[in-house]
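Engineer: Just passing along the structure, written as C-alpha cells.
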Amino acid sequence: MTSNSNAMFFCQSCSMPLVKAEDFGTNPDGSPNWDYCSHCYQEGHFTEPDMMVDEMISRCVAIMRGMHLPPSQIKQTQEAIPWLKRWRTPLV
C-alpha cells in the first residue's frame, strides 16, 4: 500500500472500493493484489476469466441496486468499468 493514508483503491475489474485488507484479491504467493478485489481475483487468477465487460456491468448494477445506491452512483460505475485496467484494450 502507499504511505498516503488518504489514498483510495478501487478494483480494476468491478470498481468496488478496496478499504479493508480482506477486500483485496491475492497473488499466487498469497500476498495482497493491489489492483483487484477478492471477488474478482484470487491466487493470481480472475475468478471468472471468461466474463465480458457487459456482464460485469450488469452484475455490478444489480448488486448496487440491491444496496439501494443512488442512480447517479450506479451510472458513474457503469461508465467507469470499461476504462478499468482489466477491460482496457491494449494499443496495437
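Engineer: Could you check the range 26-53 and list, in sequence order, the residues that are part of a strand (DSSP E or B) and closer than 18 Å to residue 9 by Cβ?
Structural biologist: Across the range 26-53, the qualifying residues are 26, 32, 33, 34, 35, 36, 37, 41, 42, 46.
Engineer: Pairs only if they're at least six apart or on different chains, beta carbon under 8 angstrom, first in the range 56-73 and without any contact (Cβ under 8 Å) to a residue 60 or more places away in the chain and under 14 Å from residue 14 (Cβ atoms), second small (Gly, Ala, Ser) and assigned to a loop (DSSP other than H, G, I, E, B); list them, first residue then second.
Structural biologist: 56/13; 60/15
Engineer: Quick test of your reading of the structure: residue 56 fulfils all but one of (1) of a type outside the set (Lys, Arg); (2) more than 13 Å from the chain's Cα centre (by Cα); (3) assigned to a helix (DSSP H, G or I). Name the failing condition by number.
Structural biologist: Here residue 56 clears every test but (2).
Engineer: Across the range 70-91, what is the total count of residues that are exposed (fewer than 14 other Cβ atoms within 10 Å of the Cβ) and either part of a loop (DSSP other than H, G, I, E, B) or in contact with a strand residue (DSSP E or B) (Cβ under 8 Å, 6 or more places away or on another chain) (or both)?
Structural biologist: Total satisfying the criteria: 6.
None of the figures in this text is laboratory data; all of them are computed from the coordinates on show. Keep in mind that what you see is a predicted model, and the values were worked out from it rather than measured. Every residue, glycine as well, gets a Cβ built from its backbone with ideal geometry; the counts of neighbours run over all protein chains shown.
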